[in-house]
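First comes the structure, then the notes that go with it.
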Amino acid sequence: MVKILSIVGARPQFIKAAPMSRALRARHQEVLVHTGQHYDDNMSEVFFRELDIPPPEHHLGIGSGSHGTMTGAMLPAIEAVILEEKPDLVLVYGDTNSTLAGALAAAKLQTPVAHVEAGLRSFNRSMPEEINRVVADHLSELLLCPSETAVSNLAAEGITRGVWMVGDVMADTLLHSMERARQESNVLERMQLSQKGFILATIHRPYNTDHPERLGQVAAGLGSAGMPVVFPVHPRTGRALQNQGLDLGQHPNILACPPLGYLDMVRLEQAARLVVTDSGGVQKEAYWAHTPCLTLRPDTEWVETIEAGWNRLVASDAQVIRQAIGAVSTPGTHPELYGDGHAAPRMVQVMEDWLQDRGPIQR
Ligand code: UD1
Ligand code: UDP
């Protein structure tokens with residue numbers, strides 16, 4: 001049995017951690033650390049409840065702040081937990097500030113780091129996530145990749161040791177939740193939506209929320225979609241709308257609501273005619289749910305969804321969005337992308353084998 005310290009803090013990380021915690025705890029000891037980067041009930045607790053994620057052994061309560069403030073506050077707090085728990089390995093997920101702080105604190109303490117969702121690149125350093133990913137990958141000894149593209153991206157940066165193509169753990173969560181969402185979520189009834197009769201939209205990237213003009217253009221584009229648009233509003237986006245004096249109420253077809261729980265979200269992804277998003281996770285989930293997607297960004301890490309014809313990059317401009325919504329079609333083919341929904345047990349096996357070959361840490 002080995003001891004793994006998993007670090008999470010933001011919404012998509014809870015969703016990724018759910019199957020990993022299950023697979024890890026079946027054979028090993030897991031210590032779960034929640035940095036507190038996301039803290040509202042509907043951004044954090046709801047996922048622990050719905051996905052049966054064990055309560056974190058350590059909650060660091062870091063909260064919001066600038067990148068430097070947040071990452072800086074996480075470092076000594078994570079360091080103290082690593083020193084106390086003495087794990088064999090630290091596991092970090094994705095590309096948030098919690099990922100960066102976790103990888104950095106562990107690497108400095110000579111504790112090996114495994115990175116889930118390694119090798120993704122947008123090649124756009126104006127995204128805070130791109131910086132977090134590049135640094136986390138270069139600090140990691142085990143790089144757990146969701147796609148062959150990710151493996152090639154790492155090779156292009158000279159990283160070839162410790163690289164494993166394991167598939168995407170978000171598929172594990174989604175594929176295991178599709179039927180549950182159909183049975184347990186009543187969101188379609190609650191919001192009076194018909195099958196394939198609405199669009200689901202999520203927006204939270206600083207590229208769209210924090211740039212003067214763009215958020216208004218996105219709202220106007222969705223407002224002219226000619227059908228209901230369900231829009232669960234991320235807290236960053238809610239704050240930006242308020243700061244910019246934008247009122248979604250002026251677009252009667254936009255059904256704005258607070259962030260939703262996972263099962264409601266999956267139900268909507270399945271039933272929507274179209275997804276419009278700038279989220280990484282939602283692009284993939286739309287694909288797995290066989291729902292076409294428009295991504296309001298200049299680039300994406302999930303290039304395979306574009307190549308397969310199910311996703312399209314669209315400028316954050318009202319007229320372009322309206323035209324793209326009107327032009328959406330459903331491709332006739334749907335190749336399997338990002339694995340088979342069994343990435344978590346595969347990753348546990350990789351970590352186990354690697355730790356066994358490596359022997360105990362010399363502290
Ligand atoms: C973060 C991640 C992003 C990820 C997203 C998932 C970084 C740099 N960004 O972005 O990669 O896609 O999470 O959702 O790590 N807030 C609340 N309540 C909360 C959490 C946040 O009100 O529970 C508000 C605060 O005003 C905060 C703002 O949202 O300042 C942004 O939160 P933050 O965690 O800094 O970044 P996200 O945009 O959520
Ligand atoms: N999600 C959710 N409720 C919402 C919006 C998103 O449960 O209101 C889920 C979504 O299904 C996906 C994950 O959150 O599993 C994506 O997280 P987010 O878009 O915040 O971050 P990203 O993936 O872009 O890093």
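The values are calculated or read from the model by the stated rules, or taken from the named source; none is laboratory data. Since we're looking at a predicted model, the values are computed, not measured. Glycine also receives a Cβ, built like all others from the backbone with ideal geometry; neighbour counts cover every protein chain displayed. Just the protein is used for accessible areas: all its heavy atoms, side chains included, with ligands, DNA and RNA removed. Shrake-Rupley method; radii C 1.70, N 1.55, O 1.52, S 1.80 Å.
Rounded to the nearest 0.05, what FRET efficiency do Q349 and R236 have when you use their Cβ-Cβ distance and R0 = 30 Å? Before the final figure, lay out the partial values.
Numbers: r = 37 Å, r/R0 = 1.22.
Computed FRET efficiency for Q349 and R236: 0.25.
Which of L120, L294, L60 moves most in a GNM of the chain, Cα contacts under 10 Å?
Highest fluctuation of the listed residues: L60.
Let's see if you can work this out: charge +1 on each Lys and Arg Cβ, -1 on each Asp and Glu Cβ, no other charges. What is the dipole magnitude of the stretch 111-270 about its Cα centre, in debye to the nearest 20?
On the way: 13 positive and 17 negative charges, 66 e Å.
The dipole of the stretch 111-270 has a size of about 320 debye.
Expressed as an acute angle from 0 to 90° and rounded to the nearest 10, what is the orientation of the C-alpha long axis of helix 343-358 relative to the principal long axis of the chain?
Here the helix axis deviates by roughly 20 degrees.
Relative contact order, percent, of the stretch 191-307 when contacts are C-alpha pairs under 8 Å separated by at least 6 residues?
Values: 171 pairs, mean separation 34.8, N = 117.
Computed over the stretch 191-307, the figure is 30 percent.
Can you bin the stretch 16-154 into rounded, prolate or oblate? Criterion: square roots of the alpha carbon gyration tensor eigenvalues sorted a ≥ b ≥ c, rounded for a/c under 1.5, prolate for a/b above b/c, oblate for the rest.
Values: a/c = 1.29, a/b = 1.18, b/c = 1.09.
Because its axes are fairly even, with a/c under 1.5, the stretch 16-154 counts as rounded.
Cross-link partners among aspartates and glutamates for K196, C-alpha distance below 14 Å, same-chain residues fewer than 8 apart left out?
Within reach: E269.
When N counts the residues of the stretch 188-232, how does its alpha-carbon radius of gyration compare numerically with 2.2 N^0.38 Å, as a ratio?
This ratio for the stretch 188-232 stands at 1.31.
Calculate one ³J(HN,Hα) per residue across the stretch 34-51 by plugging θ = phi - 60° into the Karplus curve 6.51 cos²θ - 1.76 cosθ + 1.60, and present them in order as whole Hz with x for glycine and proline.
Ordered by residue, 3J(HN,Hα) equals 10, 6, x, 4, 9, 9, 4, 3, 7, 10, 9, 3, 4, 6, 5, 5, 5, 9 Hz.
Hey, if you put +1 on the Cβ of every Lys and Arg and -1 on every Asp and Glu Cβ in the stretch 265-316, which of T291, G280, A308 ends up farthest toward the positive end of that dipole?
The Cα lying farthest towards the positive end belongs to T291.
Say the dipole of the stretch 209-268 comes from +1 at the beta carbon of Lys and Arg and -1 at that of Asp and Glu; which of H251, M227, L263 then lies farthest toward its positive end?
L263
Be a star and scan the stretch 107-134 for residues whose amide nitrogen sits under 16 Å from the point 7 Å along the Cα-to-Cβ vector of K86.
109-112
Could you tell me the distance between the Cα centroids of the stretch 187-248 and the stretch 35-63, to the nearest Å?
First find each Cα centre; the distance between them is then 25 Å.
Which residue, chosen from L100, T71, H28, occupies the Cα position most advanced towards the positive end of the dipole of the stretch 1-102, where the dipole is computed from +1 (Lys, Arg) and -1 (Asp, Glu) charges on Cβ about the Cα centre?
After comparing all options, I get H28.
Counting pairs of Cα atoms in the stretch 222-316, how many percent are more than 17 Å apart? All intermediate terms of the calculation are to be shown ahead of the outcome.
Numbers: 2375 of 4465 pairs.
When all Cα pairs of the stretch 222-316 are counted, 53 percent exceed 17 Å.
Over the stretch 292-333, with every protein chain in place, what whole percent of the accessible area is carbon and sulfur at 1.4 Å, could you tell me?
Working: 900 of 1830 Å².
Answer for the stretch 292-333 is 49 percent, counting heavy atoms of protein chains only.
Would you mind checking the stretch 168-198 for residues with the amide N under 19 Å from a putative spin-label position 7 Å along Cα→C-beta of C257?
177-198
With only Lys, Arg, Asp and Glu charged, each at its Cβ (+1 for the first two, -1 for the last two), find how big the charge dipole of the stretch 263-303 is about the Cα centre; round to the nearest 20 debye.
Working: 4 positive and 6 negative charges, 31 e Å.
Charge dipole, the stretch 263-303, about its Cα centre: 140 debye, nearest 20.
Could you give the dipole magnitude of the stretch 93-194 about its Cα centre, charging the beta-carbon of Lys and Arg +1 and that of Asp and Glu -1, in debye to the nearest 20? Present the calculation step by step, with values, prior to reporting the outcome.
Details: 8 positive and 13 negative charges, 37 e Å.
Roughly 180 debye for the stretch 93-194.
When only alpha-carbon atoms count, how far does the chain stretch along each of its three principal axes, as whole angstroms with the largest first?
The principal-axis extents, from largest down, are 63, 43, 41 Å.
Please give the FRET efficiency for S224 paired with D299, using the beta carbon to beta carbon distance and R0 = 30 Å, rounded to the nearest 0.05. Walk me through the numbers before you get to the answer.
Values: r = 25 Å, r/R0 = 0.84.
Efficiency at R0 = 30 Å is approximately 0.75.
Could you compute the net charge surrounding E304? Neighbours are other residues with a C-beta less than 12 Å from the C-beta of E304; K and R count +1, D and E count -1.
-4
Go ahead and run the numbers for FRET between R27 and R358, Cβ-Cβ distance against an R0 of 25 Å, rounding to 0.05.
On the way: r = 17 Å, r/R0 = 0.70.
E between R27 and R358, to the nearest 0.05, is 0.90.
Any chance you could give the angle, 0 to 90 degrees and rounded to 10, that helix 97-108 forms with the longest Cα principal axis of the chain?
Once rounded, one gets 10 degrees.
Return a whole-number percent for the relative contact order of the chain, with Cα pairs under 8 Å and 6 or more residues apart as the contact set.
Details: 691 pairs, mean separation 57.9, N = 363.
Relative contact order for the chain comes out at 16 percent.
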